[in-house]
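One structure is given below, encoded as structure tokens.
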Amino acid sequence: MSGVHHPVHSNGNGGTVSSRSWWLYRGTGQPLTDIRLADVLPPPPAWRNFDGGPVLPPVPAESAETDRRLGAVGRATPRQNPHDIDMINTALLLRRPLLVTGRPGIGKSTLAYLVARELGLGRVLHWGITSRSTLRSGLYEYDAIGRAQASLARGPAGAPAPSGAPGTPQGAAGPAGSGGESGEPRIGDFVRLGPLGTALLPYELPRVLLIDELDKSDIDLPSDLLHVLENGSYDIPELVRARRREGNAQVFTDDPDGTVTVTDGRVRCRAFPFVVITSNGERQFPPAFLRRCVRLNVSPPREDQLAAMIASHFRDQDGRHDALIRAFVERSRENGGLATDQLLNAVYLRTAGVREEDESWGELLEALWRELSGAP
């Protein structure tokens, strides 16, 4: 990219970050004030263009979870490497998932919250993966038992059971109310979209979705994700079968108290979500899955990044913990890698009154900075 202009922006810590002209996300960790993403985000490639609708209202603002991970808005945040910012912007522009790898505890999942805060994309949808996670659990859940109980509670004639009658399920009346022409509870009242399913709703701007630790999943889940991530849509079979009775079904979403109308049981995105998929490298993914992702391997944080991280969570800490940071970096190098929250725990103990000169301080650090291999 010869001749590319490199504007300079504040990094929120009294310094500057040199950025490339095509960057939308600049890695400052602070909300953009000079642009609106809707005004500058280029249209997607033709093969990643989706036409879902109608367009939904703006998403919920960032949550307390973001402040917990990043610190309050306005405080210093760690400066990211230009290569990392390149890959983030590449995924954003190509509308492709960002597969983030690296050792545990170095801030892979934090990337999702940094992007959401800086670009004003609202609350991050978090799908934590376990060995029991399935594609359907990420898309939606249908409480068939709850609906059957609600149907029984209405009585044989379809009339609602008396208030407080035994067997009346708590919260049986869902977002659309209970009952239709047949007297049966509405199916939509018992459908809740998961994080992936919510991210694929037709928003004007991308939702941020964190799929955390995909390498812990069942072996088939990465392959199962391919169709949904490629097509930006999915069906809810229970609503498809009932579309003559519930053509417009109101269902719950993964956002707090959120509801949305699903037409004919089909969801199709408009702005493909910004998907951050993290992996600790515990397994290999299928080539077909890797081909559809932008890949980023995160390096361990530098001393200046750790200092900025501390400053984002603690006030008036400039330079106070430099020696502790150097000791942490050295210990991390010797042990094959420590998690950044192990450093935060040590800093908190110091600010809470435990001092280095106390005789127990070395023992505390030894306990806090144990290697992550699981060794006793």
**Prompt:** Out of the residues in region 295-314 that are free of Cβ contacts under 8 Å to residues at least 40 places away in the same chain and in a loop (DSSP other than H, G, I, E, B), which is nearest to GLY107 (Cα to Cα)?
**Reply:** ARG302
**Request:** Looking only at region 192-221, count how many residues are touching a Leu at 6+ places or on another chain (Cβ under 6 Å), part of a helix (DSSP H, G or I) and farther than 19 Å from LEU93 by Cβ.
**Result:** 4
**Item:** Number of the exception - ASP224 against (1) surrounded by 14 or more Cβ atoms within 10 Å (Cβ to Cβ); (2) assigned to a loop (DSSP other than H, G, I, E, B)
**Value:** (2)
**Complete:** Within region 17-45, of all residues that are within 14 Å of ILE88 (Cβ to Cβ) and among the charged types (D, E, K, R), the one nearest to the chain's Cα centre (by Cα) is ARG26
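Listed here are the residues, each with its yes/no results for (1) more than 26 Å from PHE314 (Cα to Cα); (2) of a type outside the set (Gly, Ala, Ser); (3) in contact (Cβ under 8 Å) with a residue 40 or more places away in the chain.
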| position | (1), (2), (3) |
| --- | --- |
| PRO31 | no, yes, yes |
| VAL40 | yes, yes, no |
| GLY52 | yes, no, yes |
| GLY71 | no, no, yes |
| ILE88 | yes, yes, yes |
| LEU94 | yes, yes, yes |
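A quick yes/no check of all residues on (1) crowded, with 16+ Cβ neighbours inside 10 Å; (2) in a loop (DSSP other than H, G, I, E, B); (3) charged (D, E, K, R):
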{"site": "PRO57", "(1), (2), (3)": "no, yes, no"}
{"site": "ALA61", "(1), (2), (3)": "no, yes, no"}
{"site": "ARG68", "(1), (2), (3)": "no, no, yes"}
{"site": "ARG79", "(1), (2), (3)": "yes, yes, yes"}
{"site": "HIS83", "(1), (2), (3)": "no, no, no"}
{"site": "ASN89", "(1), (2), (3)": "yes, no, no"}
**Complete:** Condition set aliphatic (A, V, I, L, M), buried (at least 18 other Cβ atoms within 10 Å of the Cβ) and touching a helix residue (DSSP H, G or I) at 6+ places or on another chain (Cβ under 8 Å), scope region 91-105, selection nearest to PRO300 (Cα to Cα): answer is VAL100
**Asked** What helices (runs of 4 or more DSSP H), lying completely within region 97-154, carry at least 2 residues that are touching a Pro at 6+ places or on another chain (Cβ under 8 Å), closer than 30 Å to GLU238 by Cα and outside the structural domain of ASP215 (by TED's automatic domain parsing)?
**Response** 144-153
**Prompt:** Does any residue in region 263-275 that is among the charged types (D, E, K, R) come within less than 6 Å, Cβ to Cβ, of a residue that is outside any loop (DSSP other than H, G, I, E, B) six or more places away or on a different chain, and which pairs are these?
**Reply:** ARG266/ASP235; ARG268/SER233
**Prompt:** Taking the condition of a type in the set (D, E, K, R), part of a loop (DSSP other than H, G, I, E, B) and at pLDDT 95 or above, does ASP254 pass?
**Reply:** yes
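The values are calculated or read from the model by the stated rules, or taken from the named source; none is laboratory data. All values reported here derive from a predicted model rather than from experimental measurement. Methodologically, a virtual Cβ is constructed for each residue, glycine included, from the backbone with ideal geometry; neighbour enumeration extends over all protein chains shown.
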